[in-house]
Structure formats: structure tokens, C-alpha cells
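Peer 1: My structure is below; once you've seen it, I'll send some questions.
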Amino acid sequence: MSLYLPPLRLTGARILRSGQLQRRSLGLARGRITKGPLPEVDLSGYLVLPGIIDLHLALPGPLRISALPAIKSRLAAQGITTAWLTVSSDPEPLIGQVLDRLAAIRGGIDLRAKLILTPDARLSPDRLRQLEEQRLDLASFTSRARITAANSGAPSFPRDLCQMAECLDSLGIPYGSLGDTDAETREYYRMLGARIAELPRSRAAAATARAMGDCVLVSAADLCPAAGIGEAAGTARLVAQGLCDALVSNGAPHRMAEAAWVLANGALKDLPAAWALISSKPAEIIGLADRGTLEHGKRADLVIVEETTRAVVATIAKGRLCFATRGLAARFGQPGHPIPMAAE
């Protein structure tokens with residue numbers, strides 16, 4: 001594992017700060033954004049943007065514990081500095097194993113585990129407390145059509161579901177519902193306590209969440225103009241109508257930065273507003289006050305993007321160079337002797 005980059009100042013680039021792209025310098029020291037005269041690294045021709053925060057990283061296939069370091073490396077190459085990897089409650093022992101392994105490879109990219117509670121999950125309060133001690137800090141209930149009490153029309157919450165929700169509340173672990181199909185289903189999970197609507201399947205579900213003051217997470221990969229007809233929950237449509245609080249990668253982390261550029265050129269017409277959906281907004285939703293922007297004192301989590309091609313060419317996480325193309329790596333060390341990148 002590499003050490004922090006030496007204290008330095010990034011100059012010549014346009015830096016996203018205070019909601020604007022500004023031609024100014026940015027100091028880094030001991031993993032934090034700082035001030036003061038420091039050795040300079042010229043980044044003319046590049047953009048310096050806050051590190052990407054992904055609240056829902058799903059894998060296309062089965063999760064292998066041994067693959068976690070490689071997953072961190074892939075995230076770094078996409079500019080993602082903090083991410084929650086989804087882990088199903090079935091099989092139940094898997095989430096504990098993942099949390100243990102992630103604790104053993106901490107440093108650089110901040111990869112965490114997010115517990116996905118399946119409809120038949122039966123995790124006891126003692127088990128949830130144990131997972132919280134292993135650093136579990138986010139969960140989501142897989143949504144299913146609401147259940148109503150016979151002849152009353154009132155929601156009926158199964159005992160196990162209520163018990164898990166109450167325990168998550170007591171532990172201070174935020175949780176949402178994943179894949180709400182309609183407004184009634186979103187209301188059902190909101191009454192349970194789920195304050196985040198993740199990947200809603202209809203505009204009505206997203207609109208209901210927003211009306212109740214809940215956060216809406218939508219897929220960065222779903223920016224097809226045709227997805228938004230009728231009640232379809234197309235990402236571009238939800239963003240344009242103000243029904244999106246943050247983007248998540250779901251199964252496509254490589255689409256996060258790309259989605260911000262698409263929205264900057266389309267629905268939002270502004271890169272700072274679009275980039276906020278993958279940086280400052282997710283940080284606010286999850287309560288991470290130390291990242292998401294490039295303000296003094298924050299974690300040095302940032303992405304360096306080539307201004308003409310918009311390609312991610314370097315990623316710094318907590319002051320560590322976790323990914324860099326050969327040309328950028330050389331700028332942070334001696335010519336021909338790039339600083340080793342963190343072994344993620």
C-alpha cells in the first residue's frame with residue numbers, strides 16, 4: 001500500500017469548488033484538502049472534480065470475497081472514491097464475511113458493504129447489532145407489493161419486517177426500499193421507516209417519495225431518451241422533473257462519470273449541477289460530511305479528468321494516488337519514475 005502523496009498543490013486546472021468551475025489551485029496534505037504554499041504539480045488542460053460517491057454498487061454475477069481488492073481497483077479507474085457494494089441477506093453468512101474482508105483492506109478507495117434485505121429475510125436484532133459493529137452502515141429492503149390487512153385497506157407489516165426496521169433505526173443505520181413499483185408501495189415502505197427510494201420503477205413512486213421528503217436514487221446507466229414514456233421511470237425524465245436526488249451505478253460503475261456529462265449537456269445543462277448528483281448529493285444523503293466537495297479540511301478525494309476527452313486520468317482517495325495513467329503518474333513523481341499507486 002502506498003503512503004499519502006507528499007504535500008503538494010495542483011495548479012493550472014479548472015477546479016469544481018463552491019458549485020463553480022474555477023481556475024485556481026488546490027492543496028493536498030496528509031489526506032486532506034489544505035491551504036498554504038506547497039510544491040506545485042501543473043495540471044493545465046485538466047479538470048479536478050470531487051471523487052464520485054456510489055450508494056448502490058451491484059455486481060452482474062455472484063460476489064467472490066477474493067475479488068474485493070480487484071473491485072476497488074476498478075472503481076478507482078472510474079473515478080469512484082467511495083462506494084457501497086450490495087450484499088444480499090441470503091445466504092446470510094456472506095455479509096459478515098464481506099465486512100470482515102473489507103476491514104482488512106481499508107485504505108485508499110473507501111469500499112463498504114450495503115445489506116440488501118430480501119423479502120424473506122429473518123435477521124435478528126442481535127445479528128444486526130453484530131453487523132453494525134463490523135461497520136455495516138447502509139441497508140435496503142427489496143420492495144414488494146404492499147400488503148393490506150383484510151377488509152381494512154390499512155398496511156399490515158409482518159413482525160420480522162418491523163423488527164428489522166426498528167433495529168436499524170435504533171442502530172442509526174439508514175435504509176431504503178429497492179425497486180418500488182408504484183406510489184402505494186412507496187407509501188408502504190415509508191410507513192415502515194424507509195426514507196430512501198432506490199431505483200423506483202415508476203414516476204409515481206419517485207414523485208410520492210419526493211412529496212414525502214424522501215431521497216430518490218436513480219440509475220446512471222438508464223439515460224436512454226425513450227425511457228420516460230408514460231409512467232416509466234427514465235433517469236433523464238426524473239432528473240428533468242426534479243425527481244432525482246442522486247445517481248447510482250447499480251451494475252455499471254463506468255457509467256457514473258459518463259452520466260454526469262450526458263446530463264450536463266442535456267437535462268441540467270450545467271456540469272457542477274450534474275456532478276453534484278454523483279458527489280455532494282450522495283454524501284449529504286448518507287451523512288458523510290467529510291467528502292463530496294473540494295473544500296478546505298475535507299478528505300482529499302478527487303478525480304482528474306482530461307478536459308478535451310473527458311476521460312478519467314487519475315483518482316486520488318484520501319490523499320493516495322489509487323489510479324493514474326502513465327502521463328499523470330509521472331507528474332506526481334520524478335519524470336520516468338511515477339509514484340507507485342495504492343495496491344487496491
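Peer 1: Work out the FRET efficiency for Ala330 and Ser170 from their Cβ-Cβ distance, taking R0 = 56 Å, and round it to the nearest 0.05.
Peer 2: 0.65
Peer 1: Taking R0 as 30 Å, what's the FRET efficiency between Ile105 and Thr142 from their Cβ-Cβ distance, rounded to 0.05?
Peer 2: So the FRET efficiency works out to roughly 0.65.
Peer 1: Same structure again: Could you give the length gained by full extension between Arg30 and Glu295, i.e. 0.36 nm per residue of separation minus their alpha carbon distance, to one decimal place?
Peer 2: Contour length minus Cα-Cα distance gives 93.9 nm.
Peer 1: While we're here: Counting only helical runs of four or more DSSP H residues, what would the 222 nm mean residue ellipticity of the chain come to if each run contributes -39,500 (n - 2.57) and the total is spread over all its residues?
Peer 2: -8000 deg cm²/dmol
Peer 1: Okay, moving on. May I ask for the angle, rounded to the nearest 10°, between helix 68-77 and the longest principal axis of the chain, with both axes built from Cα atoms and the value confined to 0 to 90°?
Peer 2: 60 degrees
Peer 1: Quick one: compute the contact order of the stretch 37-99, relative version, from alpha carbon pairs under 8 angstrom and 6+ residues apart, as a percent.
Peer 2: RCO, the stretch 37-99: 40 percent.
Peer 1: Could I ask something else about it? Dipole of the stretch 20-127, Cα-centred, from +1 at each Lys and Arg C-beta and -1 at each Asp and Glu C-beta, to the nearest 20 debye?
Peer 2: Charge dipole, the stretch 20-127, about its Cα centre: 360 debye, nearest 20.
Peer 1: Given C-alpha coordinates of the stretch 201-331, what is the ratio Rg to Rh with the Kirkwood estimate of Rh?
Peer 2: Radius of gyration over Kirkwood radius for the stretch 201-331 works out to 1.01.
Peer 1: Sum up the charges of everything whose Cβ sits under 13 Å from the Cβ of Ala260, counting Lys and Arg as +1 and Asp and Glu as -1, but leave Ala260 out.
Peer 2: +1
Peer 1: A follow-up question, please. Over the stretch 7-68, what number does the Rg to Rh ratio reach, with both radii from the alpha-carbon atoms and Rh per Kirkwood?
Peer 2: Taking Rg over the Kirkwood Rh, I get 1.18.
Peer 1: Further question: For the chain, set up a Gaussian network in which alpha carbons nearer than 10 Å are linked by springs, and say which option among Ala104, Ala58, Ala139 fluctuates the most.
Peer 2: Judging by the Gaussian network model, the answer is Ala104.
Peer 1: If you don't mind, there's one more thing I want to ask. Take Met191, Met256 and sort them by solvent-accessible surface of the protein heavy atoms, 1.4 Å probe, largest at the top.
Peer 2: Order by accessible area, largest first: Met191, Met256.
Peer 1: Let's see if you can work this out: charge +1 on each Lys and Arg Cβ, -1 on each Asp and Glu Cβ, no other charges. What is the dipole magnitude of the stretch 179-330 about its Cα centre, in debye to the nearest 20?
Peer 2: Charge dipole, the stretch 179-330, about its Cα centre: 360 debye, nearest 20.
Peer 1: Please give the length that would be gained between Ser18 and Gln134 if that part of the chain were fully extended, namely 0.36 nm times their separation in residues minus their C-alpha to C-alpha distance (nm, one decimal).
Peer 2: 38.3 nm
Peer 1: Which of the listed residues, Val98, Leu192, Ala76, is farthest toward the dipole's positive end in the chain, when Lys, Arg count +1 and Asp, Glu count -1 at the beta-carbon?
Peer 2: The residue sitting farthest along the positive end of the dipole is Ala76.
Peer 1: Right, something else. Given the pairs Lys35/Lys318; Lys35/Lys72; Lys298/Lys318, which are separated by over 20 angstrom at their Cα positions?
Peer 2: Lys35/Lys72
Peer 1: Moving to a separate point now. If you count the DSSP beta bridges with both ends in the chain, what percent of them are antiparallel, to the nearest 5?
Peer 2: In the chain, approximately 45 percent of DSSP beta bridges are antiparallel ones.
Peer 1: If you don't mind, there's one more thing I want to ask. Within the chain, what whole-number % of the accessible surface is contributed by carbon and sulfur, with the 1.4 Å probe and all protein chains included in the calculation?
Peer 2: Answer for the chain: carbon and sulfur cover 51 percent of the accessible area.
Peer 1: Below 8 Å between Cα atoms, with a sequence gap of 6+, how large is the relative contact order for the chain in percent?
Peer 2: The value is 22 percent.
Peer 1: May I have the convex hull volume per residue, in Å³, for the Cα set of the chain?
Peer 2: Here the figure is 131 Å³ per residue.
Peer 1: May I pose another question? Relative to the first principal axis of the alpha-carbon coordinates of the chain, what is the inclination of helix 183-192, with its axis defined by its Cα atoms, in degrees from 0 to 90 and to the nearest 10?
Peer 2: Value to nearest ten degrees: 90.
Peer 1: Which of Ser219, Leu49, Ala257 sits closest to the plus end of the dipole of the chain, meaning its Cα is farthest towards the positive end, when Lys and Arg get +1 and Asp and Glu get -1 on the C-beta?
Peer 2: Leu49
Peer 1: Grab the Cα-Cα distance for Arg195 and Arg127, subtract it from 0.36 nm times how many residues apart they are, and report the gain in nm with one decimal.
Peer 2: Computed gain between Arg195 and Arg127 is 22.3 nm.
Peer 1: Just how large is the dipole of the chain about the Cα centre, in debye to the nearest 20, putting +1 at every Lys and Arg Cβ and -1 at every Asp and Glu Cβ?
Peer 2: For this selection, approximately 1020 debye.
Peer 1: Non-local amide H neighbours of Gly12 (under 5 Å, H modeled in plane, Pro and chain starts lacking H): which ones?
Peer 2: Leu43
Peer 1: Another question, then. If the cut-off is 18 Å between C-alpha atoms, which aspartates and glutamates fall inside it for Lys281, apart from same-chain ones fewer than 8 positions away?
Peer 2: The reachable aspartates and glutamates, counting only those whose Cα sits under 18 Å from Lys281, are Asp54, Asp110, Asp137, Glu198, Asp214, Asp245, Glu258, Asp270, Asp290, Glu295, Asp301.
The values are calculated or read from the model by the stated rules, or taken from the named source; none is laboratory data. Computed from a predicted structure; not experimentally measured. Positions of Cβ are backbone-derived with ideal geometry, glycine not excepted, and every protein chain shown enters the neighbour counts. When the accessible area is computed, the model is the full protein with side chains, heavy atoms only, and any ligands, DNA or RNA have been set aside. Shrake-Rupley method; radii C 1.70, N 1.55, O 1.52, S 1.80 Å.
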